[in-house]
Amino acid sequence: MPAKLCRCFSMDLGCCLSLLIGVLLLSPAVGVGAGRLVINEIMINEPGSETSLEWVELFNAGTDSLDLKDYIFIEAADTTRFAKRWLQSREFVVLARKPVSADGTASFEQQWGNGSNVWGDDSLENYLLLPAKMSLRNSNDSVTIVELPTGRAESVKWASSPPDGVSLERVNSGTDATAKNFKQCNAASHSTPGRVNSVVAKMRDWGFNEDDCEIFVPPNSETPIEIRLAIRNCGQSILERQAGTIVHDLDFDGEYSIADSVTEFEIEALLPDSELIAIISFAEKRGRHSYIIRLPDDDDNTNNEVRFECVIGAFAREMLISEIMNVSADSSGCEWIEAQNVVAYSISLKGWSLEIDGRATALDSLGEVEPKRESYCARTAFVFAQAIPVRVAG
């Protein structure tokens, strides 16, 4: 017995093509200057049941050497001062609650060194390790460094900690210490003290902020389709003005082919850690359309593409029949049809019907279906919490 979902609609859009682009530049963050110390990595939630393995890694992100005596480290009510000691450009220093243990008990050296109870006797131990007073809380805490001659301070705050034994790493040492500039370490070792962070930003990296990328399909022929793109400079260098591409995927194969049409759009220059909004507007003929929008190639192409589908002159397929039970697997005698919401918004089933062998059953009583959720239509409605009986032949 063939079954289909039906919905009545009326829409008609004319056919024309134009291309308009609007760009809104958002303010970039203020960058960290040359020759300054930054907070680069934090072990908040130490491995296992240990309570003394917390540490904070600092990094000289500038081009000049610096003297650690010009800085203090603050955590809660504790302040740590340093003796005169030079840190060269691009060098690390780790501040540990318990750097080394003379009796072999848990310490930074035991956990992240070679376990000899001496720091600096192994190739793994090729960076500066210093003691510091700290007792980091797993939630709602912060650490701060202050440059004494200038009074410049940098703080890193966190609302919750990464999983057990996983550090919090800085993405870009050239931009401010905001929450979005820190991510959980993704290295197999779960932390990278004295080494380049696993999440460090690439030099050239365009990226879409997919949460803010949207397509607006017009209700009438006077208003064109509008695509809103949130484009971000995720890298460490300035990205010069370039062109992105819009692929009209005419054969719906998900790839660019000779059958497809391509239009370029301009992307304004972007400073590191800044974002722009590109608004692309065009009218299109009736029917189903698929668009692949791509940013220029860079050091990381994993976030350089977004895709949209829309239907002009008809409603998109919002509900699909996803499963049918036409012979009951148990003694209930219940045959049923599952329909799924396949879009990202709730759908009211008022005005929808299920047609089986020419007999239609209104689905109004099912109310709304949430995104990616199912509704059931069964001969015996009590089998499902959200179901209605349907009319079938025989």
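The values are calculated or read from the model by the stated rules, or taken from the named source; none is laboratory data. Quick caveat: nothing in here was measured; it's all calculated off a predicted structure. So basically every Cβ, Gly included, is an ideal-geometry build from the backbone, and we count neighbours across all protein chains shown.
Go through the residues of segment 261-268 one by one and say whether even a single one is of a type in the set (D, E, K, R), over 14 Å from Q242 (Cβ atoms), out of contact with any helix residue (DSSP H, G or I) (no Cβ under 8 Å at 6 or more places or on another chain) and surrounded by 13 or more Cβ atoms within 10 Å (Cβ to Cβ). Show your work before the answer.
Filtering segment 261-268 for residues of a type in the set (D, E, K, R) gives 264, 266, 268.
Imposing the further condition that a residue be over 14 Å from Q242 (Cβ atoms) reduces the set to none.
No: zero hits.
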query = Could we say that S107 is surrounded by 14 or more Cβ atoms within 10 Å (Cβ to Cβ), under 28 Å from N186 (Cβ atoms) and not basic (K, R) here?
reply = yes
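Here is a check on your reading of the model: is S135 under 31 Å from the mean Cα position of the chain (by Cα), in contact (Cβ under 8 Å) with a residue 12 or more places away in the chain and under 18 Å from V38 (Cα atoms)? Please lay out each step first, then the result.
Details: under 31 Å from the mean Cα position of the chain (by Cα): yes; in contact (Cβ under 8 Å) with a residue 12 or more places away in the chain: yes; under 18 Å from V38 (Cα atoms): no.
Considered against the rule, which asks whether it is under 31 Å from the mean Cα position of the chain (by Cα), in contact (Cβ under 8 Å) with a residue 12 or more places away in the chain and under 18 Å from V38 (Cα atoms), S135 comes out as no.
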request  = Kindly list, by first and then second residue, each pair from a residue in segment 321-338 that is aromatic (F, W, Y) to a residue that is in a strand (DSSP E or B) and modelled with pLDDT of 65 or more, limited to pairs with Cβ atoms under 8 Å and residues at least 6 apart or on different chains.
outcome  = W336/I324; W336/M325
remark   = The condition from (1) free of Cβ contacts under 8 Å to residues at least 40 places away in the same chain; (2) aliphatic (A, V, I, L, M); (3) closer than 30 Å to L124 by Cα that I238 misses is numbered (3)
remark   = Of the residues in segment 78-106, those that are among the small types (G, A, S), modelled with pLDDT of 95 or more and under 36 Å from the mean Cα position of the chain (by Cα) come to A96
ask   = Out of (1) at pLDDT below 75; (2) assigned to a strand (DSSP E or B), what's the single condition that is false for R307?
value = (1)
request  = Would you mind telling me which numbered condition in (1) under 23 Å from L37 (Cα atoms); (2) hydrophobic (A, V, I, L, M, F, W, C); (3) surrounded by 15 or more Cβ atoms within 10 Å (Cβ to Cβ); (4) at pLDDT 85 or above I238 fails?
outcome  = (3)
ask   = If you scan segment 71-106, which residues turn out to be hydrophobic (A, V, I, L, M, F, W, C), assigned to a strand (DSSP E or B) and without any contact (Cβ under 8 Å) to a residue 40 or more places away in the chain?
value = W86, V93
task = Looking only at segment 273-291, count how many residues are modelled with pLDDT of 90 or more and of a type in the set (D, E, K, R).
result = 1
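If you go through segment 218-245 one residue at a time, how many are in a strand (DSSP E or B) and under 24 Å from D273 (Cα atoms)? Spell out the reasoning first.
Within segment 218-245, the first condition is being in a strand (DSSP E or B), and the residues that meet it are 225-233, 239, 242-245.
Among the residues that remain, those that are also under 24 Å from D273 (Cα atoms) are: 227-233, 239, 242-245.
Residues in segment 218-245 being in a strand (DSSP E or B) and under 24 Å from D273 (Cα atoms): 12 in total.
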inquiry  = Given the criteria part of a loop (DSSP other than H, G, I, E, B), farther than 30 Å from I292 by Cα and not aromatic (F, W, Y), does N186 qualify?
reply    = no
query = Within segment 247-266, which residues are within 26 Å of K202 (Cβ to Cβ) and either among the aromatic types (F, W, Y) or modelled with pLDDT of 95 or more (or both)?
reply = Y256, F265
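Can you find even one residue in segment 292-301 that is of a type in the set (A, V, I, L, M), in contact with a strand residue (DSSP E or B) (Cβ under 9 Å, 6 or more places away or on another chain), surrounded by 18 or more Cβ atoms within 10 Å (Cβ to Cβ) and modelled with pLDDT under 90?
The initial filter retains those residues of segment 292-301 that are of a type in the set (A, V, I, L, M), namely 292-293, 295.
When the remaining residues are screened for being in contact with a strand residue (DSSP E or B) (Cβ under 9 Å, 6 or more places away or on another chain), the result is 292-293, 295.
Next, from what is left, pick out any that are surrounded by 18 or more Cβ atoms within 10 Å (Cβ to Cβ): 292-293, 295.
This time we only want the ones that are modelled with pLDDT under 90, so: none.
No, that holds for no residue.
Only residues that are assigned to a loop (DSSP other than H, G, I, E, B) and more than 22 Å from I145 (Cα to Cα): list them for segment 200-217, please. Working first, answer last.
Taking segment 200-217 first, the residues assigned to a loop (DSSP other than H, G, I, E, B) are 200-205, 209, 213, 217.
Correct list: A201, K202, M203, R204, D205, N209, C213, V217.
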